[in-house]
């Protein structure tokens, strides 16, 4: 069974961690419950960390974690051999996080969970409209934008997670920025 390296080890070993996750997921798809349990145990702290950077409400973090893990379970058959696990996993996490924000926005209780920057963006720029624009982007551009701007990853980290070169990731992000800028400028006229 693969061994997950600690977070304190080198960045090159983070890619190995992702390989381990993929191995576990493929074994889980084949019915290996131990591999699936190992995968779930390994991704939960990463998922909690990802969400805690965006939310202060522990209850919301726990709820979204459960939602992400249930969604991952339901769609585990869509994970393909030879693909990187982490982009697949974090796309699920991003979707569930965005769904959470939408539900809170509709209920009118989007107040203290998010960072001041996020709240300011939501109030100043029409967060729901921005999310709609983001969802219209091609998946690769949306992923690049989300990893760089929403998750705060470096270009190198995001490229590794996406399984592309840093140059390719920069191109995707640049196209995403251009499309979003054009859409936002067009909506002001």
Flagged in segment 1-28 as within 19 Å of residue 163 (Cβ to Cβ) and at pLDDT 50 or above, in numbering order, are 17, 18, 19, 20, 21, 22, 23, 24, 25, 26
Check segment 29-38 and report whether any residue there is more than 21 Å from the chain's Cα centre (by Cα), in a loop (DSSP other than H, G, I, E, B), surrounded by 13 or more Cβ atoms within 10 Å (Cβ to Cβ) and at pLDDT 90 or above. yes
Mind checking which residues of segment 47-67 are over 10 Å from residue 100 (Cβ atoms) and part of a helix (DSSP H, G or I)? 47, 48, 49, 50, 52, 58, 59, 62, 65, 66
Restricting the first residue to segment 76-98 and requiring it to be within 21 Å of residue 59 (Cα to Cα), which pairs with a second residue that is at pLDDT below 85 meet a Cβ separation below 7 Å and a spacing of at least six or different chains? 94/146; 97/54; 98/131
Within segment 159-176, work out how many residues are surrounded by fewer than 15 Cβ atoms within 10 Å (Cβ to Cβ) and at pLDDT below 90. 1
Within segment 44-55, can one find any residue that is over 14 Å from residue 94 (Cα atoms), more than 16 Å from the chain's Cα centre (by Cα) and without any contact (Cβ under 8 Å) to a residue 40 or more places away in the chain? no
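The values are calculated or read from the model by the stated rules, or taken from the named source; none is laboratory data. For clarity, every value in this text was computed on a predicted model and none was experimentally measured. As a convention, Cβ positions derive from the backbone with ideal geometry for all residues, glycine included, and neighbour counts pool all protein chains shown.
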